[in-house]
Amino acid sequence: VRIEDIPSSQPQKGQVKLKVSVCGICGSDIHEYQAGPVLIPRSPHPLTGRGTGPVVLGHEFSGKVIEGNGKWKEGDRVTASALILCGECPYCKKGQYNMCLKLGSVGFASDGAFAEYVVVPEYSLHSLPDSVSDDMGAFVEPLAVAVRAIKRSRMEIGHSVCVIGAGPLGLLVLQVALSAGATQVFVLDPIEKRREVARNLGATAVFDPHEDGVGRKIAELTNGLRVDCAFECVGSQEAFDIAVKVTARRGVICMVGVSLHPIQVPFYRLWGHEKEITTITGYVDEFPSAISLLESGRVDVNPLITGRISLDDLVEKGFEELINHPDKHVKILVYPGDKK
Ligand SMILES: [Zn+2]
Ligand SMILES: [Zn+2]
């Protein structure tokens, strides 16, 4: 990853150009940095023609419209879905946009928002109300994922929940579960700082997954039943095994984290207890819900912000900092307008 001057792209028909205010660093940006290309296409993308890099990363952002068209005016404060869609395939026709046969993402299949300007499809824009700051606006995208995770798990009012992994997504899932009516939300993470943030955000109890008898302790706190829904927000065999252990009979395990390796499933334990595994990828129509959760204050992202940096420091004080000091960080925000 390098920082350099490139010509800013011009909006085509159906696109809008934005001045980026804030862009958050996502775990998938780190994946590209350490092991890419993962989401960056390996051959020209059918909708954008981009592939194999170089590409500008960054897909969790807020900004201002600088070149409007009919619907959007200069100065409008917005955030954008990262989905690039064909609009024509059978899944798009059914409104199942995250299943589009030609699906691409801003910041992987087209230039993203670790830049002063970004050009995005008009259909991806959502306005930000005054009470949602630019920083909060950079969390709408991951929050939409958390909202969808709750929907996919079919969590109901009165359910008990366990979140495994208190990174940015886990801490958002915790808050959405509480606002959706979960009576108990347990959070597991080996990092003390993240457990503390989870506790301050309303977790019923927090645990280090390496301490003895976590499954038994959660059983004691749930009348022996264990939780209705577990959210695996890591993407590892170890985290999945914990998810199986902490769920009740007929519980649902929702896989939020991504594993690039196969995960073994203890079939007999799932079978005997009619447990379900579900997955969640991206979002479909969750942006308005995410914005309203921020607007109403039911989701607080301030405790998740552990760093604010300029674009020139993206690698050193952003990617490297997150890789080397996960004990100090949750989310680092980048301000591309703040040139040194
Ligand atoms: Zn992301
Ligand atoms: Zn499609």
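Extension gain Glu156-Lys73, at 0.36 nm per residue separation less the Cα-Cα distance, in nm?
Value of the extension gain: 25.9 nm.
Only helical DSSP H runs with n ≥ 4 go in: add -39500 (n - 2.57) per run for the chain, normalise by residue count and round the 222 nm mean residue ellipticity to 500 deg cm²/dmol.
My calculation for the chain gives -7000 deg cm²/dmol from helical runs alone.
Quick check of the Kirkwood formula: for the chain, what is the inverse mean of 1/r over all pairs of different Cα atoms, in Å?
It is 20.6 Å.
Among Leu128, Tyr117, Ser105, whose Cα sits farthest toward the positive end of the charge dipole of the range 57-155 (+1 at Cβ of Lys/Arg, -1 at Cβ of Asp/Glu, about the Cα centre)?
Working it through, the farthest residue towards the positive pole turns out to be Ser105.
Quick check on packing: order 49-60, 101-112 by the mean number of other C-beta atoms within 10 Å, highest mean leading.
101-112, 49-60
If the reach is capped at under 20 angstrom between alpha carbons, list the lysines near Lys102, excluding any in the same chain fewer than eight residues apart.
Filter leaves Lys13, Lys93, Lys94.
Per 0.36 nm of contour for each residue apart, how much would the distance between Lys13 and Gln34 grow if the chain were fully extended, relative to their Cα-Cα spacing?
In short, 4.1 nm is gained.
Can you give the alpha-carbon Rg of the range 206-270 over 2.2 N^0.38 Å, where N counts its residues?
Ratio of Cα Rg to 2.2 N^0.38 Å: 1.09.
Based on Cα positions only, what radius of gyration and what Dmax would you give for the range 48-152, in angstroms?
Final numbers for Rg and Dmax: 14.2, 39 Å.
With N set to the number of residues, divide the alpha-carbon radius of gyration of the range 98-237 by 2.2 N^0.38 Å and report two decimals.
Dividing the Cα Rg of the range 98-237 by 2.2 N^0.38 Å gives 1.22.
Working from the alpha-carbon coordinates of the range 155-213, get Rg over Rh, Rh being the Kirkwood radius.
0.95
Take the eigenvalues of the Cα gyration tensor for the range 182-226, scale each by 5, and report the square roots as semi-axes in whole Å, largest first.
Over the Cα atoms of the range 182-226, the semi-axes work out to 18, 14, 5 Å.
Which one, Ser292, Ile323, Thr279, is farthest towards the positive end of the dipole of the range 273-340 when Lys and Arg carry +1 and Asp and Glu -1 on their Cβ?
About the Cα centre, the residue reaching furthest to the positive side is Ile323.
Whole angstrom only: what separates the Cα centroid of the range 13-27 from the Cα centroid of the range 204-223?
Distance between centres, Cα-based: 41 Å.
What are the extents of the Cα atoms of the range 195-340 along their three principal axes, listed from largest to smallest and rounded to whole Å?
Answer, in whole Å and largest first: 60, 35, 31 Å.
Give the calculated FRET efficiency between Glu88 and Gln237 to the nearest 0.05, with a Förster radius of 35 Å applied to their Cβ-Cβ distance.
The calculated FRET efficiency here is 0.35.
For the range 1-94, how big is Rg over Rh, using alpha carbon atoms and the Kirkwood form of Rh?
0.97
Let's test the formula: R0 of 35 Å, r as the Cβ-Cβ distance of Arg249 and Asp327. What FRET efficiency results, to the nearest 0.05?
In this case the efficiency is close to 0.45.
Modelling each spin label as a point 7 Å along the Cα-to-Cβ direction, I'd like the Asp300/His273 distance in nm, to one decimal.
Here the answer is 3.3 nm between the modelled labels.
Read-outs: derived from the displayed coordinates by stated rules, not from any lab. Nothing here was measured: the structure is a model prediction, and the numbers come from that model. No Cβ is skipped: glycine too gets one built from the backbone with ideal geometry, and neighbour counts run over all protein chains shown.
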